[in-house]
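> One structure coming up, written as structure tokens, with questions to follow.
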Amino acid sequence: MRLRSPWPPRLPAGDGPPAERLAEALAGDILGGRLQSGDRLPAHRPLAWQLGIGIGSVTRAYATLERRGLVRSVRGRGTFVAASPNGTAQMLDLSANMPPPMFSDRALARTLARLARTVDPALFNVYPPVAGHIEHRRIMAHWLAELGVDLAPDQLLLTSGAQQALGVALAAARASTPVMLTEALTYPGMLSLARQAGLCVQGLPMDAQGLLPAALDHALRQHAPRRCVLYVTPTMHNPTTATMGAGRRRDIARLCSRHDALIIEDDVYDCAPDTALPPLVTLAPERTFYVSSLSKTLSPGLRIGALAPPQGFMQAARDALLSASLMIAPLSYAMMAQWMLDGTAASVRQSLRGEAERRRALAQSVLGPHLVPPPYDAFHAWMPMPLARAQAFGAQAARQGVTVSLPRPFMVHAEEAGAPAGIRLCLGPTPLPDLREALHRLRHVLDAMDNSVT
């Protein structure tokens, strides 16, 4: 046995059960590299005697470590440290922002079998209309109506995902404005689209509810008489998880109306009807490009987005969509229709809400005060911290076998001193046992960084 840390380990101070404190101490030694792959842990009874705890506590601690994949038990030989995260073990990825897979092989096979009997061959024999088939727009309109967004089918354009919808909205608005306002931290894909379009992008201060109305008012006055377009995510903001209250939403809509600003509302994370939180498109429909998608609320592989432009911009949006020439796959149309008509989509949406709550609670229990409690049902979480600390944290996390989203891509003005920054954690696609292990590794990194400061 090649133990590289003081033995027996010190139990962390606290009122928790001895088993939990012993598991945490041993996990810290393993993740910190003081115990290496292949090291054998002491037998249960001698360790319990040395630490002055019950043998059952040691047994439970070792079982916890085995569930986390940090140790392995070999009958008749003992308990050994498993592969070190610093070695060749697979990286745990918390950087991909998507929901967990909810469709089993059997469910997909059943759907495809039904489609084989019922699908309209015309879907595959002709190009679809630019805006999408009217029956599919009706289905999407019904889906959105259940979320509190009442739109007529002919107000909708179906796109190949939300990213294309955002690009089309920006292209349609571009003729009216050279300036895009947005939150100081925002979706990197939209930043890239705006910069490629040659727009001047200005990031505005935020608080726990997102964009500050006073900051928006000041920026709109600064740019007057030029018209601006505001890109904003009112619900489950990416990356900070901020969600605007009803009063904040009304303030934002009122300011944009007063200054004749356009709005691009990114609503891809809204998966539950909430009459207390009206979408901006319902408050200022005459100036709002509304964007939704099925990728974040149903299945990542179902890349169907929806764009509702203001009435005066419908033709410009249709022209931009036509020039993009990225059609939705006919099979995706057919699967969307099947799942929404037979109730599968509604069932999956409900299941995803429960899974989001479960994963959110897990992240909160492990990371505690380091994490901003996500206020809504989605699969990302936010740890605010200064840019330098966030960069160091990301590097340390990678050494522990965990990939996270670093802050720079989200920052509109990364060069500004004191600009808000942090780490986005994506809780969706990683299997739950791996997610639990990844979160514990991140907590170890945070504790180590805090201890090095003190």
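The values are calculated or read from the model by the stated rules, or taken from the named source; none is laboratory data. If you're wondering where the values come from, they're calculated on a predicted model, not measured in any experiment. Neighbour counts are summed over all protein chains in view; Cβ atoms, including those assigned to glycine, are modelled from backbone coordinates with ideal geometry. Note: areas computed on protein heavy atoms with side chains; ligands, DNA, RNA excluded. Shrake-Rupley method; radii C 1.70, N 1.55, O 1.52, S 1.80 Å.
> Could you tell me the accessible area of L435 in Å² (1.4 Å probe, neighbours in place), rounded to the nearest ten?
0
> What does the net charge come to around V404 if you take all other residues with beta carbon closer than 10 Å to its beta carbon, with K and R at +1 and D and E at -1?
0
> Can you give the angle from 0 to 90° between the axis of helix 134-145 and the longest principal axis of the chain, with both taken from C-alpha atoms, to the nearest 10?
The angle comes out at about 60 degrees.
> Now a separate question. Run the helix sum for the chain: -39,500 (n - 2.57) per DSSP H stretch of 4+ residues, divided by residue count, reported at 222 nm to the nearest 500 deg cm²/dmol.
Helix-only estimate at 222 nm: -13500 deg cm²/dmol.
> Related question: Which ³J(HN,Hα) values in Hz, rounded to whole numbers, follow from the phi angles of region 395-407 under the Karplus curve 6.51 cos²θ - 1.76 cosθ + 1.60, where θ = phi - 60° and Gly and Pro get x?
5, 5, 4, 4, 5, 8, x, 10, 9, 10, 8, 7, x
> Moving on. What is the set of long-range amide H partners of S293 at a cut-off below 5 Å, with H atoms built 1.01 Å from backbone N?
The list, which skips near neighbours in sequence, is A306.
> I'd like the Karplus ³J(HN,Hα) series for region 425-439: coefficients 6.51, -1.76, 1.60, θ = phi - 60°, whole numbers in Hz, and an x wherever there's a Gly or Pro.
So the J values, rounded to whole Hz, are 10, 9, 9, x, x, 6, x, 4, x, 5, 4, 4, 5, 4, 5.
> Would you kindly state how much longer the chain becomes between M98 and M327 on full extension, computed as 0.36 nm times their sequence separation minus their alpha carbon distance, in nm to one decimal?
Answer, rounded to one decimal: 80.2 nm.
> Along the charge dipole of the chain, Cβ charges K/R +1 and D/E -1, which of M340, A63, Q311 sits furthest on the positive end?
A63
> For region 358-454, with the dipole built from +1 on Lys and Arg beta-carbon atoms and -1 on Asp and Glu ones, taken about the Cα centre, which of P375, A392, P409 lies farthest toward the positive end?
Of P375, A392, P409, it is P375.
> Also, I was wondering about something else. Counting heavy atoms of the protein chains only and a 1.4 Å probe, report the per residue accessible area for region 327-381 as a whole number of Å².
With all protein chains present, region 327-381 gives 41 Å² per residue.
> How far is helix 246-258 tilted, in degrees, relative to the longest principal axis of the Cα atoms in the chain, given as a value from 0 to 90 rounded to the nearest 10?
The angle comes out near 40 degrees.
> Report the extension gain between A43 and I55 in nm, rounded to one decimal, defined as 0.36 nm multiplied by the number of residues separating them, less their alpha carbon distance.
Separation in residues times 0.36 nm, less the Cα-Cα distance, equals 3.3 nm.
> Sticking with this one: Around A395, with a cut-off of 14 angstrom between Cβ atoms, what is the net charge of the other residues, counting Lys and Arg +1 and Asp and Glu -1?
+4
> To continue, here is another question. Leaving ligands, DNA and RNA out of it, work out the accessible area of D150 with a 1.4 Å probe and give it in Å² to the nearest 10.
Only protein atoms counted, so the area is about 130 Å².
> Show me, for region 205-214, the HN-Hα J-couplings you get by feeding each phi into the Karplus relation (A = 6.51, B = -1.76, C = 1.60, θ = phi - 60°), rounded to Hz, glycine and proline as x.
Taking θ as phi minus 60°, the curve returns x, 10, 9, 5, 9, x, 4, 7, x, 4 Hz for region 205-214.
> How big is the charge dipole of the chain about its Cα centre, in debye rounded to the nearest 20, if each Lys and Arg gets +1 on its Cβ and each Asp and Glu gets -1 on its Cβ?
Taking the Cα centre of the chain as origin, the dipole is about 1320 debye.
> If amide H atoms are built 1.01 Å from N in the plane of the peptide, which residues on other chains or at least 5 residues away come under 5 Å of the amide H of I423?
Answer set, sorted by chain and number: M383, M385.
> A further question on this structure: Around A173, what is the net charge, scoring Lys/Arg as +1 and Asp/Glu as -1 over all other residues with Cβ under 11 Å from its Cβ?
+3
> For the chain, which whole-number percentage of the solvent-accessible area (1.4 Å probe, protein heavy atoms only) is attributable to carbon and sulfur atoms?
The value for the chain is 54 percent carbon and sulfur by accessible area.
> Can you tell me the orientation of helix 314-324 relative to the chain, as the angle in degrees between its alpha-carbon axis and the longest Cα principal axis, to the nearest 10?
60
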